[in-house]
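Where a number appears in this text, it was derived from the coordinates with a stated rule and is not lab data. Being a predicted model, the structure only gives us computed values, none of them experimental. Cβ sites come from the backbone with ideal geometry, for glycine too, and all protein chains shown count toward neighbours.
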Amino acid sequence: MAGRVEKNYPLHQLTTWKIGGPAEAVYWPQTKEDLATVWQRAQKADVPVWLIGQGSNLLVPDSGLPGVTLVTTSLRAIEWGNYTVQVEAGYPLARLAQEAGERGFSGLAFARGIPGSVGGAVMMNAGAHGGAMAPHIAAVTALWPDGTVKKVGKAELEFAYRSCSLRGHAWVLEVELMFAPGDRETILQEMKENLTKRALNQPLEKPSAGSVFQNPPGDSAGRLIEAAGWKGRGVGGAQVSTKHSNFIVNTGNAKAIDVLTLIEKIQKSVELEFGVILQTEVAYLNDTQYTRSDARIKGEQSLENN
Ligand SMILES: Cc1cc2nc3c(=O)[nH]c(=O)nc-3n(C[C@H](O)[C@H](O)[C@H](O)COP(=O)(O)OP(=O)(O)OC[C@H]3O[C@@H](n4cnc5c(N)ncnc54)[C@H](O)[C@@H]3O)c2cc1C
Ligand SMILES: NC(=O)C1=CN([C@@H]2O[C@H](COP(=O)(O)OP(=O)(O)OC[C@H]3O[C@@H](n4cnc5c(N)ncnc54)[C@H](OP(=O)(O)O)[C@@H]3O)[C@@H](O)[C@H]2O)C=CC1
Ligand SMILES: C=C(O[C@H]1[C@H](O)[C@@H](CO)O[C@H](OP(=O)(O)OP(=O)(O)OC[C@H]2O[C@@H](n3ccc(=O)[nH]c3=O)[C@H](O)[C@@H]2O)[C@@H]1NC(C)=O)C(=O)O
């Protein structure tokens with residue numbers, strides 16, 4: 001098997017929040033087959049396995065992660081077709097969007113400013129500017145809880161706002177996307193405008209994980225958090241951005257516990273003030289959800305055997 005392996009590796013280097021303790025081991029598989037093999041071996045040995053892409057929607061505990069953390073970013077094979085693309089999970093979403101636009105393939109202009117891997121974007125059903133991944137997905141090849149690798153069509157999947165039915169049940173290895181014919185210049189212009197809007201509204205210059213909370217139906221988390229008085233306030237090194245209240249930024253030395261405490265305070269405050277329960281959008285890789293005596297991994301990011 002090929003691919004880089006590191007022991008006791010600081011996970012803050014693999015998240016855009018720049019937060020997270022050490023991983024017992026990190027492996028960057030070079031092929032889908034290597035990823036599946038390591039997962040199968042870890043299952044047999046009762047070792048916890050975690051999977052991350054570009055770590056742009058991720059909070060990792062200060063205590064780090066036991067077992068093996070698999071990082072998909074080396075899985076980058078790509079094959080363009082007639083208004084389609086077959087692409088591995090680790091391919092950068094923003095690059096894919098740019099390349100699709102340059103071909104005159106329409107559909108992913110919304111994604112040009114979204115950091116993250118294609119696999120992470122499918123799992124999160126990433127979206128912006130009125131667009132989202134789901135309408136462009138034709139099929140997904142995934143590693144399933146029984147250890148098999150199988151391709152499923154769109155009809156077998158369910159997507160909703162920032163959610164995909166595969167989440168917690170399977171790991172995305174490859175995706176087939178479909179596009180509509182478009183005008184290259186129009187698409188590139190739309191992407192440029194989206195990037196400009198984003199730079200105006202979002203604190204891209206500071207480490208963050210994007211929106212921390214999902215928008216509640218009919219309202220916006222950023223508006224509610226600001227109205228509850230949280231703009232600019234913080235806990236330890238974690239601060240509610242002064243530019244956008246649904247972003248928590250790392251001011252330099254934030255710990256996961258600072259972010260978690262701030263999230264809880266905001267949730268309580270917004271519920272008290274407006275009766276709205278904010279749900280988090282970011283994924284928390286919680287090491288306490290796993291116990292070695294239990295062969296199953298219960299975290300939402302992991303595979304379950306049931
Ligand atoms: C500045 C900034 C702006 C952002 N703007 C947006 C935005 O406009 N819209 C939006 O939707 N998001 C946005 N995000 C959030 C983030 O970019 C997306 O959620 C992105 O799709 C996450 O991809 P990732 O590869 O980084 O996933 P990670 O953060 O690595 O992982 C996220 C979750 O997905 C799981 N996962 C990752 N890869 C796979 C895989 N191959 N198979 C199964 N599970 C997997 C992980 O286990 C974890 O639970 C933003 C983030 C930042 C930092
Ligand atoms: N606040 C935060 O914590 C973070 C914010 N961000 C923001 O999120 C956004 C997306 O981030 P990121 O995923 O790093 O994306 P970038 O905007 O840096 O780049 C997007 C991708 O598109 C590729 N690309 C750019 N131009 C072309 C081109 N002409 N042809 C082909 N490919 C091209 C880049 O390739 P190449 O690699 O060759 O440049 C890169 O892979 C950015 O706006 C960034 O500012 C990102 C990370 C953290
Ligand atoms: C960044 C993310 O996605 C983003 C995506 O980039 C943008 C652009 O389409 O739209 C969503 O943000 P958003 O709903 O906060 O969009 P914005 O246009 O910035 O704000 C919505 C409304 O809230 C108000 N607002 C925003 C921030 C703030 O501090 N105060 C405030 O009052 C704005 O004035 C606006 O009226 C996505 N967030 C969610 C949770 O759906 C992400 O998911 O990580």
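Values for this structure:
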{"read-out": "Relative compactness, region 78-187, computed as alpha-carbon Rg over 2.2 N^0.38 Å", "value": "1.00"}
{"read-out": "Value at 222 nm in deg cm²/dmol, rounded to 500, when DSSP H runs of n ≥ 4 in the chain each add -39,500 (n - 2.57)", "value": "-7500 deg cm²/dmol"}
{"read-out": "Cα extents of region 1-144 along the three principal axes, largest first (Å)", "value": "45, 30, 22"}
{"read-out": "Aspartates and glutamates with Cα under 19 Å of residue 7, excluding same-chain neighbours fewer than 8 positions away", "value": "24, 34, 46, 62, 287"}
{"read-out": "Choice from 261, 72, 141 with maximal GNM fluctuation in the chain (Cα, 10 Å cutoff)", "value": "261"}
{"read-out": "Fluctuation leader among 128, 45, 111 - the chain, Gaussian network, Cα springs under 10 angstrom", "value": "45"}
{"read-out": "Value in Å of the Kirkwood radius, where the chain supplies the Cα pairs that are averaged", "value": "19.9 Å"}
{"read-out": "Relative contact order for the chain, counting Cα pairs under 8 Å that sit 6 or more residues apart, in percent", "value": "18 percent"}
{"read-out": "Separation between Cα centres of region 167-242 and region 1-70, rounded to whole Å", "value": "25 Å"}
{"read-out": "Cross-link reach list, lysines versus residue 150, counting only Cα pairs under 25 Å and skipping chain neighbours closer than eight places", "value": "32, 44, 298"}
{"read-out": "Kirkwood Rh (inverse of mean 1/r, distinct Cα pairs), region 151-221, angstrom", "value": "16.1 Å"}
{"read-out": "Charge context of residue 272, other residues only, Cβ under 15 angstrom, K/R +1, D/E -1", "value": "-1"}
{"read-out": "Relative contact order, percent, region 57-184 [alpha-carbon distance under 8 Å, six or more residues apart]", "value": "27 percent"}
{"read-out": "Rg(Cα) / (2.2 N^0.38 Å) computed for region 3-74, rounded to two decimals", "value": "1.03"}
{"read-out": "Partner aspartates and glutamates for residue 151 [C-alpha distance under 16 Å; skip if fewer than 8 residues away on the same chain]", "value": "33, 88, 174, 176"}
{"read-out": "Simple spin-label estimate for residue 219 and residue 156 in nanometres, 7 Å along Cα-Cβ", "value": "4.0 nm"}
{"read-out": "Sorted by Cβ neighbour density within 10 Å, fewest at the top, the residues 60, 270, 47", "value": "47, 270, 60"}
